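Readers should treat all values here as calculations from the given coordinates under stated rules, not as data from a laboratory. Worth saying up front: this structure is predicted, and the values here are computed from it rather than measured. No Cβ is skipped: glycine too gets one built from the backbone with ideal geometry, and neighbour counts run over all protein chains shown.
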Amino acid sequence: MPSIAQTLKQAIRTRYRRRPNGGLDNLELRGSNYGALQLYRKQTASATGIMTPELRQALQASFGNTVQAPVIDYENPTLSNVRTCAVQVGGLNTKLVTFTFATVAFGFPMIPSQHINNEISYEDTFYRLFEARRLKTMEFLDTQCVDHLELAKNQYFPAGITAYYPEVADALQVPDAERKEFYNYIESILETMDLGGAPDVLTNPMAMADVRAIEGAGQTNDGDLSYVLDGVGQFFRSNRVLPGTGNRATMYLVADGAVGLETRVDPDCARGVVHGGADNPVREWTTQDVPGLGTMGLFYRADCSDQSAPLAGQNLQALTRTAVESFEYSFDVCWVKAYNSDEAGRFFPIIKVEQKAAA
């Protein structure tokens, strides 16, 4: 029987075009809200924050060295109601705060010959590999910022503070019925702590629904409620802030100057080492500004490698000595918090709040 099956056209295939704002696989690579990291960046840049230019410069240039900063403990002097000829007593208690870094790195290989007769280009592959790791790093840093706030939160809750709301596990407990009016008390709570100012607020996304409702209340029958936000600075939201069991929202009130973050690169990347010549580098250490992350060290390596086994499924078994490029991005990160000489007995400008879920 005659047949034309063998000459049937193959599946119709479109060309792959990377589109930052669209495309069939656009949702496979999407960012999140990194509010904790953004809060730390904002307070690091604050002119009135704890990250002075001197401290930042010392941290950036500290590779291989320990950075320490002197601090003076709080003093609670005794007052007298008499004059005396006796020599006065008293003095300061000083300490050194030591800063520690954690290394964060990511990398990937690029195999140019892998893209011969392939719809996916070298540039498309580089973008996807790089962007996936960039977003993963931002998520990791955001998580670390949340964890840093959790460890540094205020632990001192005398009666003057629990008069506003009860405290459980170093977190104020706000009933569901008072969750909007709570914002009106933030300024008063901080004034009771002698902290003052309008704190930055980091929270999970659900709490922002109330904020939007409050901001828009002047246009509804509920009347203008925007005044309750007068004592709040800037809101930040993060999916890494988990509300916890029984809570609708969890938030951290972070007074300006409470936290900061600094990074540094390794010396070879900082000074720009090249092996093999600038026009054809075999090894290259340099720096690159990465969106959302800042300056990172970049180590580039060009080499020969047997990729016949990894690429066998791509009909590239013959690549037994193919050219391979390797890219590694890295930096060291230091999280900083304001000094507190008595964590159990003095207020600290990071207050955790849990808004309870409706019963």
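Compactness of the stretch 1-72 is given as radius of gyration and Dmax, 28.3, 97 Å, from Cα positions. For the stretch 124-164 versus the stretch 74-121, the spacing of their alpha-carbon centroids is 15 Å.
For the cross-link pairs 153/337; 42/136; 180/356, the ones whose C-alpha atoms lie over 19 Å apart are 42/136. For a Förster distance of 25 Å, can you work out the FRET efficiency between the beta-carbons of residue 127 and residue 9, rounded to the nearest 0.05? Computed FRET efficiency for residue 127 and residue 9 comes out at 0.20. Our helix-only sum for the chain, with -39,500 (n - 2.57) per DSSP H run of n ≥ 4 divided by its residues, gives a mean residue ellipticity at 222 nm of -6500 deg cm²/dmol. Whole-Hz Karplus values for the stretch 252-268 come out as 10, 8, 10, 5, 4, x, 8, 9, x, 8, 9, 10, 8, 10, 6, x, 5 Hz, taken residue by residue from phi with 6.51 cos²θ - 1.76 cosθ + 1.60 and θ = phi - 60°; glycine and proline positions read x. Across the options 249, 275, 110, the greatest Cα extent toward the positive end of the charge dipole of the chain (unit charges at beta carbon of Lys, Arg, Asp, Glu) belongs to 110. What the pair-distance distribution of the stretch 84-224 shows, using all Cα-Cα distances binned every 10 Å from zero, is 8, 21, 21, 19, 15, 11, 5, 1, 1, 0 percent.
Each residue in 80, 62 was given a count of other beta-carbon atoms within 10 angstrom of its own, and listing them fewest first yields 80, 62.
Using only side-chain charges placed at the Cβ, +1 for Lys and Arg and -1 for Asp and Glu, the dipole size of the chain relative to its Cα centre rounds to 1060 debye.
Computed from the alpha carbon atoms alone, the convex hull of the stretch 265-336 holds 136 Å³ per residue. The percentage of C-alpha pairs in the chain whose separation is greater than 29 Å is 58%.
Averaging the sequence gap over all C-alpha pairs within less than 8 Å and six or more residues apart, then dividing by the number of residues, gives the stretch 265-336 a relative contact order of 27 percent. Spin-label model, residue 17/residue 46: points 7 Å from Cα along the beta carbon direction are separated by 4.7 nm.
Mind telling me which of 136, 153, 95 comes out most flexible in a GNM of the chain, alpha-carbon contacts under 10 Å? Maximum among the listed residues: 95.
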